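*Asks:* Supplied in structure tokens, the structure appears directly below.
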Amino acid sequence: MAREDSPQTPTALSERLSATRKLTLDLAAPLSDADAAIQPFPDASPAKWHLAHTTWFFETFVLRDHVPDYRLFDERWAYLFNSYYEGEGERHARPRRGMLSRPSLDEVRTYRAHVDEALECALPALPPEALELIELGINHEQQHQELFLTDILATFAENPLEPAYGELPTPPCTATEPLSWHRGREGAAEIGASDDGFAFDSERPRHPVILAPHEIANRRVTNGEWREFIADGGYATPTLWLSDGWAWVQQEGISAPLYWRDDASEFTLGGRCSIDWAAPVAQISYFEADAFARWASARLPTEAEWEDFAASADPMIGNQLDGAGAVVPQPGGGLFGDVWEWTMSAFSPYPGFAPADGTVGEYNGKFMCGQLVLKGASCATPRGHSRASYRNFFPPAARWQFTGLRLARDA
Ligand SMILES: [Fe+2]
């Protein structure tokens, strides 16, 4: 959560709020009501649900709790659009979000307008704790903007007509950089977010760590290198895999990144395209990243190694989301943008971790079991959302996000 000494003024906050809310609507503009209602699998959500849930978050934690005369848009909708907050009571089962043909996409847009107007009216008089919740709500909505794109990609990937969500940007003409190794810091270092500015509770407190001798790669693993892994029998060699990973490969019949198709093509937000062999590999699980690293006589970086390596990198640069439209990982990026990078570190609490106050304390802390940390940012991450201390997390079999890897090794 933001600290009270945050330099954010109510006017700046209001402008960021309205820009964030507008971007979500813009992302939904190319979709029909039918497109927006589909849930391609239980862990993904319909686009319409993302639009409504992010609105429910502001309505519940800011307007209902901090604006005395606010009336809920529809009292029944909390049941539909509460995601996982036990403190907010019963809710519609997550795997059944795709069953909601009503409310319509237009009704959800009306809900958004109602809440936006109430937020705008209330904001100048809100107490600091409510302004902090708006900041949290903006960051929450940015996370859902990324999920919106990855979930609509998963939705369209189910359609044999292979519809395009939009037109992809023209890729840069960048050759694959040769792989080189950077000697990382050894010994005492610090990771985690400082007390200044916004960070999620899970990024704090900043704390000391000890780094063992190690090296970290200058760039991500590319599609071309992944092709070599496949050609060398990577998916058919059990000794490369963790036990759980091998069971998953067998059970799910996994033999390539999620959206790779025959004939060296892949399904993207721009429809089916030729695979760019110089671009970083994406849509791979932790299990796959781990197996590839073993095949390459390397390993995944730890979160601390990655964060120390990225400490002086600018999180604002790279191929990230700047406006509504189709996105795709591109060759030649740095530490932020294109793909999130799997680390070998568990998403567990830092020493001294304290969840945020109130029901929003359920935001991160209760997921600190069975998930791995991903660092950086992807092509679908709104620019300005991430930072070196950012801790994205997913279970080891998840592979529908823009997830890739960077190698590390002991030194
Ligand atoms: Fe959410």
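The values are calculated or read from the model by the stated rules, or taken from the named source; none is laboratory data. If you're wondering where the values come from, they're calculated on a predicted model, not measured in any experiment. Methodologically, a virtual Cβ is constructed for each residue, glycine included, from the backbone with ideal geometry; neighbour enumeration extends over all protein chains shown. Surface accessibility is based on the protein's heavy atoms, side chains included, excluding ligands, DNA and RNA. Shrake-Rupley method; radii C 1.70, N 1.55, O 1.52, S 1.80 Å.
*Asks:* Identify all residues within segment 210-235 that are in contact (Cβ under 8 Å) with a residue 12 or more places away in the chain and part of a helix (DSSP H, G or I); write none if there are none.
*Replies:* ASN223, GLY224, GLU225, TRP226, ARG227, PHE229, ILE230, GLY234, TYR235
*Asks:* Can you tell me which residue in segment 66-81 is farthest from the ligand (Cβ to nearest atom), limited to those that are farther than 22 Å from GLU132 by Cβ, open to solvent by less than 40 Å² (accessible area, probe 1.4 Å) and not aromatic (Phe, Trp, Tyr)?
*Replies:* Ranking the qualifying residues of segment 66-81, first place goes to ASP74.
*Asks:* Take the residues in segment 82-134 that are among the acidic types (Asp, Glu) and without any contact (Cβ under 8 Å) to a residue 24 or more places away in the chain, then tell me which one is surrounded by the most Cβ atoms within 10 Å (Cβ to Cβ).
*Replies:* If we take residues in segment 82-134 being among the acidic types (Asp, Glu) and without any contact (Cβ under 8 Å) to a residue 24 or more places away in the chain, then GLU107 is surrounded by the most Cβ atoms within 10 Å (Cβ to Cβ).
*Asks:* Any residue in segment 56-76 that's under 20 Å from PRO124 (Cβ atoms): show its pairings with residues that are of a type in the set (Lys, Arg) and not in a loop (DSSP other than H, G, I, E, B) at Cβ separation under 7 Å, as long as the two are six or more apart or on different chains.
*Replies:* Pairs found: TYR70/ARG64.
*Asks:* Against the condition of a type outside the set (A, V, I, L, M) and open to solvent by 10 Å² or more (accessible area, probe 1.4 Å), how does GLU190 come out, does it pass?
*Replies:* It is true that GLU190 is of a type outside the set (A, V, I, L, M) and open to solvent by 10 Å² or more (accessible area, probe 1.4 Å).
*Asks:* Which one is modelled with the highest pLDDT, of the residues in segment 161-208 that are more than 25 Å from the chain's Cα centre (by Cα) and β-branched (Val, Ile, Thr)?
*Replies:* THR176
*Asks:* Is segment 42-50 home to any residue that is modelled with pLDDT of 95 or more, within 16 Å of the ligand (Cβ to nearest atom), closer than 19 Å to ALA324 by Cβ and assigned to a loop (DSSP other than H, G, I, E, B)?
*Replies:* The answer is yes, given that some residue of segment 42-50 is modelled with pLDDT of 95 or more, within 16 Å of the ligand (Cβ to nearest atom), closer than 19 Å to ALA324 by Cβ and assigned to a loop (DSSP other than H, G, I, E, B).
*Asks:* Hey, another quick one. Of the conditions (1) assigned to a strand (DSSP E or B); (2) in contact with an Asp or Glu (Cβ under 9 Å, 6 or more places away or on another chain); (3) surrounded by 24 or more Cβ atoms within 10 Å (Cβ to Cβ), ALA282 fails just one. Which one is it?
*Replies:* (1)
*Asks:* Please go through segment 291-304 and pick out each residue that is open to solvent by less than 20 Å² (accessible area, probe 1.4 Å) and either at pLDDT below 95 or not in a loop (DSSP other than H, G, I, E, B) (or both).
*Replies:* ALA291, PHE292, ALA293, GLU303, ALA304
*Asks:* Please verify whether PRO396 is buried (at least 18 other Cβ atoms within 10 Å of the Cβ), part of a loop (DSSP other than H, G, I, E, B), touching a strand residue (DSSP E or B) at 6+ places or on another chain (Cβ under 7 Å) and not hydrophobic (A, V, I, L, M, F, W, C), treating the condition exactly as stated.
*Replies:* The answer is yes for PRO396.
*Asks:* A further question on this structure: Does ARG16 satisfy the criteria of being open to solvent by 60 Å² or more (accessible area, probe 1.4 Å) and either within 16 Å of the ligand (Cβ to nearest atom) or under 30 Å from ALA164 (Cα atoms) (or both)?
*Replies:* Judged against the criteria, ARG16 is a match.
So that you can scan it fast, the table gives a plain yes or no per residue for (1) in a loop (DSSP other than H, G, I, E, B); (2) under 27 Å from PRO178 (Cα atoms); (3) open to solvent by 40 Å² or more (accessible area, probe 1.4 Å):
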{"residue": "ALA324", "(1), (2), (3)": "yes, no, yes"}
{"residue": "PRO331", "(1), (2), (3)": "yes, yes, no"}
{"residue": "ASP338", "(1), (2), (3)": "yes, yes, no"}
{"residue": "SER348", "(1), (2), (3)": "yes, no, yes"}
{"residue": "PHE353", "(1), (2), (3)": "yes, no, yes"}
{"residue": "ALA356", "(1), (2), (3)": "yes, no, no"}
{"residue": "LYS366", "(1), (2), (3)": "no, no, yes"}
{"residue": "CYS369", "(1), (2), (3)": "yes, no, yes"}
{"residue": "HIS385", "(1), (2), (3)": "yes, no, no"}
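*Asks:* Okay, next question. Taking segment 170-199 only, how many residues are in a loop (DSSP other than H, G, I, E, B), within 30 Å of GLU135 (Cβ to Cβ) and in contact with a helix residue (DSSP H, G or I) (Cβ under 7 Å, 6 or more places away or on another chain)?
*Replies:* 3
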